[in-house]
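As structure tokens, the structure follows; a few thoughts come after it.
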Amino acid sequence: MSDPNGLIQPGRTAPGFTLPATPDGGLIGPEQFRGRPVVLAFYPADWSPVCGDQMSLYQSAAPVFAQYQAVVLGISVDSIWSHRAFAESRGIEFPLLADFEPKGEVARRYGAYLPQGEAARALVVLDPAGTVTWSYLSPPDVNPGADGIFDALDQLAADRKVMAG
Amino acid sequence: MTTPLQVTARLRDPVTTADHIRGPADAAVTIVEYGDFQCQFCGAAYPNLHELLRQRADTVRLVYRYFPIANVHPYAERAAETAEAAAVRGRFWEMHDWLYEHQDQLDPVHLSLGVEQVGLPPDELNAEVENRAHADRVRRDFVGGIRSGVNGTPTLFVNGVRHEGGYDLPDLLAAADAAANA
């Protein structure tokens, strides 16, 4: 069932899950990365026909994500085989998760599933404890970039500093 | 419930004298391009930006910043660092133009020939690129771009606002004229 309230909102605990992921099909999910911020990047499909597609962009920004010790997980309903070929062709080294069977189940739980049978283009940032700290729904044909993600990660780092102080 | 932070599309790193700038310092319109020398769309935009600067020589200036998407374009980073090595010698735009006019010749061997054609010592530049002497500068441009909402290449900011239109000459002229009259 998809979330009738739309995309998951800040303050909610992120639903746990694992999905088969690149490179080797092993199961990966956000709970494995507790203690670090996790960026869930839902996207409609592998193989969008542009140079700077969203997943390639995030790969090229890997050193910046590393500065925040943030983990990026790409999620679409494509199969692990499609993900593998796509990751290989674009040099994507972070995990791409196959929300393939039951189709779109994880996307639905996050309120990021579209009626046409694809994941929405949605960004969800989890804090190190697994609570949603920021979420953003982009039109499917608009690459949302990464600026919103890094603003959210900055905010997280600032909040933690206040807590520690 | 509203999203507390919005995805923005405004230039966050202001233009400084450290930038590579072509056109009058007092131009009413500043276009900042985030580009990748191996990107075909940047290559397609290149002659149009050139023509825009020619037709609006008094009102428009162009700033070029590096945004290599290295995982897709294996020669992009090296090309960017080579351009920066040329920039250190006051030859940025000559190198920039050569790169966009020879996008099918960005492999190391041809790139060295390009450096030579621009009139710079290829061995010296090669050594700097091998030592990653200019990697920080390229990285700084890239990070500033990603923080400003660059989501692919080319991305243009016209007087600080991301250009959402096309890169054909009429689109660019319209965007520049609108900004000049704003």
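The values are calculated or read from the model by the stated rules, or taken from the named source; none is laboratory data. Keep in mind it's a predicted model, so treat the numbers as computed, not measured. Note that each Cβ is placed from the backbone with ideal geometry, even for glycine, and that neighbours are counted across all protein chains shown. Surface areas here come from the heavy atoms of the whole protein model, side chains and all, with no ligands, DNA or RNA. Shrake-Rupley method; radii C 1.70, N 1.55, O 1.52, S 1.80 Å.
Looking at (1) open to solvent by 10 Å² or more (accessible area, probe 1.4 Å); (2) under 17 Å from B:Thr153 (Cα atoms); (3) touching a His at 6+ places or on another chain (Cβ under 8 Å), can you tell me which one B:Pro74 breaks?
Only one criterion in (1) open to solvent by 10 Å² or more (accessible area, probe 1.4 Å); (2) under 17 Å from B:Thr153 (Cα atoms); (3) touching a His at 6+ places or on another chain (Cβ under 8 Å) is unmet by B:Pro74, namely (3).
Answer with yes or no whether B:Leu53 is open to solvent by 20 Å² or more (accessible area, probe 1.4 Å), within 12 Å of chain A (Cβ to nearest Cβ) and either at pLDDT 95 or above or not in a strand (DSSP E or B) (or both). Walk me through how you get there before you give the answer.
Values: open to solvent by 20 Å² or more (accessible area, probe 1.4 Å): yes; within 12 Å of chain A (Cβ to nearest Cβ): no; either at pLDDT 95 or above or not in a strand (DSSP E or B) (or both): yes.
No; evaluated as a whole, the condition is false for this residue.
Anything in segment B:58-96 that is without any contact (Cβ under 8 Å) to a residue 40 or more places away in the chain and within 12 Å of the chain's Cα centre (by Cα)? List them, or say none.
Initial filter on segment B:58-96 (without any contact (Cβ under 8 Å) to a residue 40 or more places away in the chain): B:58, B:70-75, B:86, B:89-91, B:94-95.
Selection gives B:Met95 alone.
Output the residues belonging to segment A:80-111 that are within 14 Å of chain B (Cβ to nearest Cβ) and not acidic (Asp, Glu).
Within segment A:80-111, A:Phe86, A:Ala87, A:Ser89, A:Arg90, A:Gly91, A:Ile92, A:Phe94, A:Leu96, A:Gly111 meet the criteria.
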